[in-house]
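Below you'll find the structure, written out as structure tokens, and then a few comments.
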Amino acid sequence: MTHSLPGVSLTDHVFTVPLDHSDPSRGLIEVFAREARDPRRAGEDLPWLVYLQGGPGGKSPRPTAGDGWLGYALRTHRVLLLDQRGTGRSSPVTAKSLPHPDGPELAAYLRHFRADAIVADAEHIRRALGVERWSTLGQSYGGFVTLTYLSNAPESLSACYVTGGLAGLHADADEVYRRTYRRVEDKLRRYFHRYPDDRARLEGLLAYLDQNDIRLPDGDRLTPHRFKMLGMELGTGSGAESLHWLLTEAWIGGELSDEFLHQVMAETSFAGNPLYAVLHEPIYSQGAPSNWAAARLAPDLPLTGEMIYPWMFEEIRALRPFRETAECLARMNWPALYDPARLAVNEVPVGAVVYYDDMYVDEGLSARTAREVANVTTWVTNEWEHDGLRVSGETVIRRVMGLIQAR
């Protein structure tokens, strides 16, 4: 199916791929991708650029127009917006569409939903479309997938662009969370310096939630630790302001407003992307289980960041159906996702923006990876936060693509 929006023509594709590419007899799933083209260049044989979404568990963007980073990319490429397996329209895994009962069987199924399987899906799609080589654009977790792609099938890649997603090649979940907790603490210091009155507002709200049984519109209890999840907002460009307005407008006549409760529910429910929580720590696990690293290493903070905790699978409606599965995955041994030896002699040009103050992907780990992977050119900046690709218009995409064009 093809349809047009302002500045972009969109064509839907559905591919049938093995659940386990090493053993196709284990069953098949569907993977959905949307091809985007500039309608003014519809007759041209432009090179392909595959967009790898952040996450894990995030579906690809749904364009409303050919603008922003997509509009810039469409000037030189046809873009494939890939719904990674389990997300969007790619055999989605949600609380209402579990392929197996909660527990070991579902954990064994989801074992095939990490970056290595996403790369194998991309390779299946590339061959199906008759493409010899293509480029990738990896946002956040999409950059992690890019490093796996460069490890497993570099011969299929002509160039790679990464925005805020150079993962540590050797860092396990413990090292990742030690570093990112320090970054959360830094973001909190800056936040309270900018909005000093919000410290008292936040302390009062957390005390109120601790002493009262406050229910969200879906029936879940709003506990202090669930509200603390909103600290994740501080890693985006406008997150401090969003949190500030939420705190300053939370109360009406001594009660928490309906608008406040709806907003908190929407931002902490995982209803649209449960795999983000279920598979979060496994993306850092190579050769050893994570054993709930974020929970084990958690300091006492008034707000948290991009961390997943066991209590979420008890208290959050959309995650309860994954409670036993998440426990199995936390104890599971995982194979390596990256090939450091192969990456050290990489010949595919890679352009990457590293956000100096990134709360989600530690700049120190990204800098180390940039040194360990051959043919990488970086732009290190504090002008943008982790969401720079989405909110900067054409600025970030032009700069990161220019890193390779200028070589």
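The values are calculated or read from the model by the stated rules, or taken from the named source; none is laboratory data. Just so we're clear, the structure is a prediction, and the values are computed from it rather than from any experiment. Note that each Cβ is placed from the backbone with ideal geometry, even for glycine, and that neighbours are counted across all protein chains shown. The protein model used for the area step is the full one, side chains on, heavy atoms only, and it has no ligands, DNA or RNA in it. Shrake-Rupley method; radii C 1.70, N 1.55, O 1.52, S 1.80 Å.
Take the residues in region 4-17 that are free of Cβ contacts under 8 Å to residues at least 60 places away in the same chain and out of contact with any His (no Cβ under 7 Å at 6 or more places or on another chain); name whichever of them is nearest to residue 123 (Cα to Cα).
Step by step, filter region 4-17, then rank; the result is 16.
Quick one: is residue 120 open to solvent by 10 Å² or more (accessible area, probe 1.4 Å), of a type in the set (A, V, I, L, M, F, W, C), part of a helix (DSSP H, G or I) and farther than 14 Å from residue 366 by Cα?
Details: open to solvent by 10 Å² or more (accessible area, probe 1.4 Å): yes; of a type in the set (A, V, I, L, M, F, W, C): yes; part of a helix (DSSP H, G or I): yes; farther than 14 Å from residue 366 by Cα: yes.
So residue 120 fits the description; yes.
Could you pull out every one of the helices (runs of 4 or more DSSP H) wholly within region 181-289 that has 1 or more residues that are closer than 22 Å to residue 314 by Cβ and free of Cβ contacts under 8 Å to residues at least 24 places away in the same chain?
In region 181-289, 197-211, 224-228, 258-268 are the helices (runs of 4 or more DSSP H) which contain 1 or more residues that are closer than 22 Å to residue 314 by Cβ and free of Cβ contacts under 8 Å to residues at least 24 places away in the same chain.
Would you mention how many residues in region 352-375 are surrounded by 22 or more Cβ atoms within 10 Å (Cβ to Cβ) and among the hydrophobic types (A, V, I, L, M, F, W, C)?
Number of matching residues: 6.
Check region 148-165 and report whether any residue there is open to solvent by 10 Å² or more (accessible area, probe 1.4 Å), touching an Asp or Glu at 6+ places or on another chain (Cβ under 9 Å), touching a residue at least 12 places away in the same chain (Cβ under 8 Å) and part of a helix (DSSP H, G or I).
Yes.
Residue 138: surrounded by 24 or more Cβ atoms within 10 Å (Cβ to Cβ) and in a strand (DSSP E or B), yes or no? So that I can check it myself, show each step before the final result.
Values: surrounded by 24 or more Cβ atoms within 10 Å (Cβ to Cβ): yes; in a strand (DSSP E or B): yes.
Spelling it out, residue 138 is indeed surrounded by 24 or more Cβ atoms within 10 Å (Cβ to Cβ) and in a strand (DSSP E or B).
Run residue 182 past the list (1) in contact with a Ser or Thr (Cβ under 9 Å, 6 or more places away or on another chain); (2) surrounded by fewer than 20 Cβ atoms within 10 Å (Cβ to Cβ) and report the number of the one that doesn't hold.
Just one mismatch for residue 182, condition (1).
Look at residue 306 and say whether it is open to solvent by 10 Å² or more (accessible area, probe 1.4 Å), closer than 24 Å to residue 195 by Cα and assigned to a helix (DSSP H, G or I).
Numbers: open to solvent by 10 Å² or more (accessible area, probe 1.4 Å): yes; closer than 24 Å to residue 195 by Cα: yes; assigned to a helix (DSSP H, G or I): no.
Considered against the rule, which asks whether it is open to solvent by 10 Å² or more (accessible area, probe 1.4 Å), closer than 24 Å to residue 195 by Cα and assigned to a helix (DSSP H, G or I), residue 306 comes out as no.
Does at least one position in region 69-82 carry a residue that is farther than 24 Å from residue 9 by Cβ and not acidic (Asp, Glu)?
We begin by selecting, within region 69-82, every residue farther than 24 Å from residue 9 by Cβ; these are none.
No - not one qualifying residue is present in region 69-82.
Kindly indicate the residue of region 1-45 that is open to solvent by 80 Å² or more (accessible area, probe 1.4 Å) and polar (S, T, N, Q) and also farthest from residue 90 (Cα to Cα) among those meeting that condition.
Taking the candidates together, the pick is 4.
Restricting attention to region 195-230, and to residues there that are touching a Pro at 6+ places or on another chain (Cβ under 8 Å), of a type outside the set (A, V, I, L, M, F, W, C) and within 30 Å of residue 391 (Cα to Cα), which single residue is most open to solvent (accessible area, probe 1.4 Å)?
199
Checking the conditions here, which among 400, 391 is under 22 Å from residue 67 (Cβ atoms) and open to solvent by 50 Å² or more (accessible area, probe 1.4 Å)?
391
Look through region 376-388, keep the residues that are acidic (Asp, Glu) and buried (at least 21 other Cβ atoms within 10 Å of the Cβ), and return whichever of them is farthest from residue 363 (Cα to Cα).
387
Considering only region 248-270, state which residues are modelled with pLDDT of 95 or more and at positive phi.
Selection gives 270 alone.
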